[in-house]
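Worksheet: one structure, shown below.
The values are calculated or read from the model by the stated rules, or taken from the named source; none is laboratory data. Since the model is a prediction, treat every value here as computed from it, not as a measurement. Cβ placement follows ideal geometry from the backbone for every residue including glycine, while neighbour counts extend to all protein chains displayed. To get the accessible areas, we keep the full protein, side chains included, count just its heavy atoms, and leave off ligands, DNA and RNA. Shrake-Rupley method; radii C 1.70, N 1.55, O 1.52, S 1.80 Å.
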Amino acid sequence: MKKLILFFLSALFLVSCAKTKKQEAIKGEPVKENISKKPNIIVIYLDDLGYGDLSAYGATEIKTPHIDALADGGLRFTNGYASSATCTPSRYALLTGVYPWKNKNAKILPGTAPLIISTEQQTLPKMLKAEGYDTAIVGKWHLGLGSGAVNWNEKVTPGPNEVGFDESYILAATQDRVPTVYIKNGHVVNLDPNDPIEIDYKNNFEGEPTGKDNPELLTMKWHHGHNSSIVNGIPRIGYMKGGEAAKWSDIDMADHFLEKAQAYVKSHKEKPFFLYYAMQQPHVPRTPHPRFAGKSGMGPRGDVILEADWCIGEFIKTLEAEGILDDTLIVFSSDNGPVLNDGYYDDSDTKIGKHTPAGVLKGGKYSLFEAGTRVPFITYWKGHIQPGVSNALVCQMDVLASLAKLIGVEEKTTDSKELLDVLLGKSDNGREDLIIEATSRTALRSGDWLYIPAYKGPAVNTQVNIELGNSDVALLYNLKDDLSQTTNLYASNPEKAKEMHEKFVKLRGDNFSKTQQLELK
Ligand code: NG6
Ligand code: CA
């Protein structure tokens, strides 16, 4: 009996020690004491939202009150970065904490691409799951599915559920790519077995109309790319046959994902959860629900930003109503910078008016200039994060190591930096260096400086009308004095140029594309 009591006492002691350790990791001003439960964690991730697209980030032509509320009640980062200027690599880095240029497959993927995260690899949801979190993704995936030729009529695996998500409700790639269906835990939703789905990215299926050959069937015109299969009057990338009953409704997508996200948090409020709410806006095709169509006065891109903002407001209301907002850390960001014409004529460029999606930044999606990767980045945790603005350099890749610290896990990472205090607003001591990426090219941000090696290729992508950062000479900017990157200091400051070049080569190691021009001329 004595032994039994002793055993229980020592077990009690161990449990209370473990608890204290976890509390210590999240303690300090203005953090509330006695957090008995680990916080829920929600990443709200938009698709192609620019640095200047939110009123919280200075936009005057569009009002985003619900996202602004997160910024006003949380921490708004002015130097928050996606890892890349396109989707797949940024999402790869967010979920794995690894630089995307270390994985040669981390580039814009077709809907048929295999999963690019190894099932052996550590991921954010896996890490949280191991600590007792329930984990889910709702929204855009775009990290590949299956391991070769996917049969969409059977369980599609491996996918999100094999890399750490207990539950998944996704669109496979992008809204403009087939298959245009939702996939729940590996199964296409509403699939009729008598109408099987076939997908091909090279060849059309006989007799199926295409955007290229059947303009009379289109409700949205394609500008470049996007001329393969037609779904809901919108021409897409890739060919699809069958699956009629399973096809999504574009105008209802935002409401649909919102409902799924709301249902998830309602049914998981008893236990800590991690939800990756990966919204599809304002990526093309922009298909606002009729409630929002025409509401921004700047075309469908503005309308879907209003729609996304409304969804976020509704979602936060749900957290509040369920009594869990105070126990929830929210990270809000975007996977890459903005683009107006990304392949459809939808008036987003002609109706833009005075709105500047990139703010004062140069470039946009696909670009090594700042607007490619510097994005809205907000952390919010009611009662735990002192509201304010942080100029610390942070990257989405750092979320993994920082959350490890928050939940008291030892996590060995090389690329993901532990910046918990920075994300919680207790320190301004962000990263010193960051390698940013854009369509397989990389550049170095170090302190206030930005160095872009000389790259071959067009200076401007004329289809999307964005300056890419390619140049015969290397580019060097002091972002503190010249945030808009107007003056190349490469020739006038050779010492800094040399220092940045050497640091860049050291950080990139041998792991870079040999098509780059790297000589310091
Ligand atoms: C490009 C598409 C673009 C968009 C992008 C992916 C063409 C011509 N352009 O290839 O419309 O889909 O891929 O965007 O097809 S991302 O945000 O998912 O990276
Ligand atoms: Ca994107």
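Of the residues that make up the range 32-49, is at least one within 16 Å of ligand 1 (Cβ to nearest atom), at pLDDT 95 or above and in a helix (DSSP H, G or I)?
no
Starting from residues that are closer than 20 Å to Y276 by Cβ and of a type in the set (A, V, I, L, M), keep the ones in the range 351-384 and report whichever is farthest from ligand 2 (Cβ to nearest atom).
For the range 351-384, the residue satisfying everything is I378.
Does the range 223-232 contain any residue that is part of a helix (DSSP H, G or I), away from ligand 1 (no atom under 16 Å from the Cβ) and open to solvent by 50 Å² or more (accessible area, probe 1.4 Å)?
If we filter the range 223-232 for residues that are part of a helix (DSSP H, G or I), which is where we start, we get none.
Checked the range 223-232: no residue is part of a helix (DSSP H, G or I), away from ligand 1 (no atom under 16 Å from the Cβ) and open to solvent by 50 Å² or more (accessible area, probe 1.4 Å).
So which residues in the range 76-95 are away from ligand 2 (no atom under 16 Å from the Cβ) and open to solvent by less than 10 Å² (accessible area, probe 1.4 Å), if there are any at all? Steps first, please.
Within the range 76-95, the first condition is being away from ligand 2 (no atom under 16 Å from the Cβ), and the residues that meet it are 76-79.
Across the range 76-95, the qualifying residue is only F77.
Tell me which residues, restricted to the range 103-128, are out of contact with any Phe, Trp or Tyr (no Cβ under 8 Å at 6 or more places or on another chain) and closer than 30 Å to K38 by Cβ.
Going through the range 103-128, the residues out of contact with any Phe, Trp or Tyr (no Cβ under 8 Å at 6 or more places or on another chain) turn out to be 104-105, 107-109, 113-115, 118-123, 126-127.
Within the range 103-128, L115, S118, T119, E120, Q121, Q122, T123, K126, M127 meet the criteria.
With S249, S267 as the choices, which residue is within 24 Å of the chain's Cα centre (by Cα), surrounded by fewer than 20 Cβ atoms within 10 Å (Cβ to Cβ) and among the polar types (S, T, N, Q)? Give the steps one after another, and end with the answer.
Values: S267 fails: within 24 Å of the chain's Cα centre (by Cα).
On inspection, the qualifying residue turns out to be S249.
Which residue is least open to solvent (accessible area, probe 1.4 Å), if the candidates are limited to the range 439-457 and must be assigned to a loop (DSSP other than H, G, I, E, B) and not hydrophobic (A, V, I, L, M, F, W, C)?
Filtering the range 439-457 down to residues assigned to a loop (DSSP other than H, G, I, E, B) leaves 439-440, 447-448, 453-454, 456-457.
Restricting the remaining residues to those that are not hydrophobic (A, V, I, L, M, F, W, C) gives 439-440, 447-448, 453, 456-457.
Numbers: T439: 65, S440: 65, G447: 26, D448: 64, P453: 2, K456: 129, G457: 51 Å².
Top of the filtered list is P453.
Touching a residue at least 60 places away in the same chain (Cβ under 8 Å), under 21 Å from G97 (Cβ atoms) and hydrophobic (A, V, I, L, M, F, W, C): is that true of V360 in this structure?
On the way: touching a residue at least 60 places away in the same chain (Cβ under 8 Å): yes; under 21 Å from G97 (Cβ atoms): no; hydrophobic (A, V, I, L, M, F, W, C): yes.
So V360 does not fit the description; no.
Every residue, every condition in (1) surrounded by fewer than 17 Cβ atoms within 10 Å (Cβ to Cβ); (2) at pLDDT 95 or above; (3) more than 23 Å from the chain's Cα centre (by Cα); (4) among the hydroxyl-bearing types (S, T, Y), yes or no:
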| residue | (1), (2), (3), (4) |
| --- | --- |
| D421 | yes, yes, no, no |
| L424 | no, yes, no, no |
| E437 | no, yes, no, no |
| A459 | yes, yes, yes, no |
| I466 | no, yes, no, no |
| L476 | no, yes, yes, no |
| D482 | yes, yes, yes, no |
| A491 | yes, yes, yes, no |
| N511 | yes, no, yes, no |
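Find the residue count for the range 101-125, including only residues that are buried (at least 20 other Cβ atoms within 10 Å of the Cβ) and not β-branched (V, I, T).
Initial filter on the range 101-125 (buried (at least 20 other Cβ atoms within 10 Å of the Cβ)): 101, 106, 109, 111-113, 115-117, 122-125.
Right, trim to not β-branched (V, I, T) and you get 101, 106, 109, 111, 113, 115, 122, 124-125.
Within the range 101-125, residues that are buried (at least 20 other Cβ atoms within 10 Å of the Cβ) and not β-branched (V, I, T) number 9.
Of (1) in contact with a helix residue (DSSP H, G or I) (Cβ under 6 Å, 6 or more places away or on another chain); (2) in a strand (DSSP E or B), I108 satisfies all except one. Which?
(2)
If I go through the range 139-178 residue by residue, how many of them are charged (D, E, K, R), assigned to a loop (DSSP other than H, G, I, E, B) and within 16 Å of ligand 1 (Cβ to nearest atom)? Even if it seems obvious, please write down each step before you answer.
Our first condition is that a residue be charged (D, E, K, R); within the range 139-178, this holds for 140, 154-155, 162, 166-167, 176-177.
Still in the list and also assigned to a loop (DSSP other than H, G, I, E, B): 154-155, 166, 176.
Narrowing further to those that are within 16 Å of ligand 1 (Cβ to nearest atom): 176.
Count: 1.
Taking the range 417-438 on its own, how many of its residues are assigned to a strand (DSSP E or B) and under 14 Å from A93 (Cα atoms)?
First, pick out the residues of the range 417-438 that are assigned to a strand (DSSP E or B): 433-438.
Filter again for under 14 Å from A93 (Cα atoms), leaving 434-438.
Number of matching residues: 5.
Can you go through V98, V138 and tell me which one is open to solvent by 10 Å² or more (accessible area, probe 1.4 Å), at pLDDT 95 or above and more than 16 Å from ligand 2 (Cβ to nearest atom)?
Numbers: V138 fails: open to solvent by 10 Å² or more (accessible area, probe 1.4 Å).
Among V98, V138, only V98 is open to solvent by 10 Å² or more (accessible area, probe 1.4 Å), at pLDDT 95 or above and more than 16 Å from ligand 2 (Cβ to nearest atom).
Out of all the residues in the range 240-279, which are free of Cβ contacts under 8 Å to residues at least 40 places away in the same chain, within 30 Å of G211 (Cβ to Cβ) and in a loop (DSSP other than H, G, I, E, B)?
If the condition is that a residue be free of Cβ contacts under 8 Å to residues at least 40 places away in the same chain, within 30 Å of G211 (Cβ to Cβ) and in a loop (DSSP other than H, G, I, E, B), then S249 is the only one that fits.
If I go through the range 50-88 residue by residue, how many of them are under 19 Å from the mean Cα position of the chain (by Cα) and either free of Cβ contacts under 8 Å to residues at least 12 places away in the same chain or assigned to a helix (DSSP H, G or I) (or both)?
Of the residues in that region, 9 qualify.
Quick one: is A404 open to solvent by less than 10 Å² (accessible area, probe 1.4 Å), part of a strand (DSSP E or B) and either in contact with a Phe, Trp or Tyr (Cβ under 9 Å, 6 or more places away or on another chain) or not aromatic (F, W, Y) (or both)? Give the derivation first.
Numbers: open to solvent by less than 10 Å² (accessible area, probe 1.4 Å): yes; part of a strand (DSSP E or B): no; either in contact with a Phe, Trp or Tyr (Cβ under 9 Å, 6 or more places away or on another chain) or not aromatic (F, W, Y) (or both): yes.
So A404 does not fit the description; no.
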